[in-house]
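Trainee: Dumping the structure here so I can ask a few things about it.
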Amino acid sequence: MHPNPVFHTQEAETNLAYARERAFGVLAVCGDDGPLLAHVPFLLDDDGETAWLHLLRSNPIARALKSPLGAKIAVSGPDSYVSPDWYGVPDQVPTWNYVAVHLTGTLELRPAEELHALLDRQSKLFEDRLAPKTPWTTAKMSAGVMDRMMRSIVPCRMSVTGVDGTWKLNQNKPDDVRLRAADHVAAYGQGVDIAVLSGLMRAVDGQG
């Protein structure tokens, strides 16, 4: 996360809402030999205090969860390289604009009995976004198949104790400079969801 406080002005509710909508991130814990990472979909409760996810039983993080562990989920948003030439003013340097939200907390295994309901909740979140398609549900699985597949995964819960978001959108530049950069990001950006990033750059409150 970028240390400049000008990029950390979003309210906690905004960061939580972003993470809840994105619902996918990189889970990280400290292992005996260094960081352990997993790319996971997750559910964030309405109060922002609990994240739910599942892991393959063979995942190194699942194996490390003999007891609860400190953890983070890093949620990435749009990003792009920004050329100094795009500002239209001298003495600038290259940078990378991006949105990222970090959830910090304690990760623990949950009883296997909670897994099926968790999977139903996760699939519902994403299937509901595909309307008017009839949502897929676990009820469509053949008898016994779902139970066999669930034996390879474990449910997990992360109690969220902190949230931080970096919205690095050239807020530290004068408005005209930032807007020129936003136009060039839209036209020539190198990254992910550059149109979304350009729109966010245009919408932020800058230096005036």
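Computed from the coordinates by the stated procedures, all read-outs in this text should not be read as laboratory data. As the structure is a prediction and not an experimental result, all values here were calculated from the model. All Cβ positions, glycine included, derive from the backbone under ideal geometry; neighbour counts span all protein chains shown.
Trainee: Show me the three semi-axes of the equivalent ellipsoid for the range 1-156, from the C-alpha gyration tensor (sqrt of 5 times each eigenvalue), largest first, rounded to whole Å. Working shown, then result.
Mentor: Numbers: eigenvalues 241, 86, 40 Å².
Ellipsoid half-lengths, sorted descending, are 35, 21, 14 Å.
Trainee: Per-residue ellipticity at 222 nm for the chain, helices alone: DSSP H runs ≥ 4 residues times -39500 (n - 2.57), over residue total, nearest 500 deg cm²/dmol?
Mentor: Rounded to the nearest 500, the figure is -8500 deg cm²/dmol.
Trainee: Once you charge only the Cβ atoms, +1 for Lys and Arg and -1 for Asp and Glu, what is the size of the charge dipole of the range 3-54 about its Cα centre, to the nearest 20 debye?
Mentor: Here the size comes out at about 240 debye.
Trainee: Quick one: which residues, 5+ away or cross-chain, put their amide H under 5 Å from the amide H of residue 173? H built at 1.01 Å from N.
Mentor: 207
Trainee: Now for a different question. Under 20 Å Cα to Cα from residue 66, which aspartates and glutamates show up? Leave out anything in the same chain fewer than 8 places away.
Mentor: Partners within reach: 32, 33, 108, 113, 114.
Trainee: Name the most mobile residue of 182, 19, 117, meaning the one with the largest mean-square fluctuation, in a Gaussian network model of the chain with Cα contacts below 10 Å.
Mentor: Highest fluctuation of the listed residues: 117.
Trainee: Choose one answer from 161, 134, 104: the residue with the largest mean-square fluctuation in a GNM of the chain with alpha-carbon springs under 10 Å.
Mentor: For the chain, modelled as a Gaussian network with Cα springs under 10 Å, the answer is 134.
Trainee: While we're here: Would you mind checking the tilt of helix 175-188 against the longest principal axis of the Cα atoms of the chain, expressed as 0 to 90 degrees and rounded to 10?
Mentor: Once rounded, one gets 60 degrees.
Trainee: Here's another thing I want to ask about it. Hey, what's the per residue convex hull volume over the C-alpha atoms of the range 66-188, in cubic angstrom?
Mentor: 181
Trainee: Another question, then. Please work out the C-alpha center-to-center distance from the range 1-71 to the range 90-149 and express it in whole Å.
Mentor: Taking the Cα centre of the range 90-149 as reference, the centre of the range 1-71 is 12 Å away.
Trainee: If the only charges are +1 at each Lys and Arg Cβ and -1 at each Asp and Glu Cβ, what is the size of the charge dipole of the range 99-208 around the Cα centre, to the nearest 20 debye?
Mentor: Roughly 240 debye, rounded to the nearest 20.
Trainee: Taking Cα pairs under 8 Å and at least six residues apart, what relative contact order does the range 5-203 come out at, in percent?
Mentor: Answer for the range 5-203 is 28 percent.
Trainee: Please name whichever of 94, 68, 196 sits farthest to the positive end of the charge dipole of the chain, dipole taken about the Cα centre and charges placed at Cβ: Lys and Arg +1, Asp and Glu -1.
Mentor: Final value for the positive-end residue is 68.
Trainee: Is there a quick way to get the dipole size of the chain? I mean about its Cα centre, with the Cβ of Lys and Arg at +1 and of Asp and Glu at -1; what is the value in debye to the nearest 20?
Mentor: 740
Trainee: Return the Cα extents of the range 140-205 along principal axes one, two and three, sorted largest first, each rounded to a whole Å.
Mentor: So the three principal-axis extents are 61, 32, 18 Å.
Trainee: Quick check: net charge around residue 67, other residues with Cβ under 14 Å of its Cβ, Lys/Arg +1 and Asp/Glu -1? Before the final figure, lay out the partial values.
Mentor: Values: positive: 63, 66, 110, 157; negative: 32, 108.
Within the 14 Å Cβ shell, the charges total +2.
Trainee: Could you work out how far helix 115-127 tilts from the main Cα principal axis of the chain, as a 0 to 90 degree angle to the nearest 10?
Mentor: Its long axis makes an angle of about 40 degrees.
Trainee: Counting other Cβ atoms within 10 Å, which trypsin sites (Lys or Arg not before Pro) in the range 99-208 have at most 15 and lie in a DSSP loop?
Mentor: Here the sparse-neighbourhood loop sites are 133, 151.
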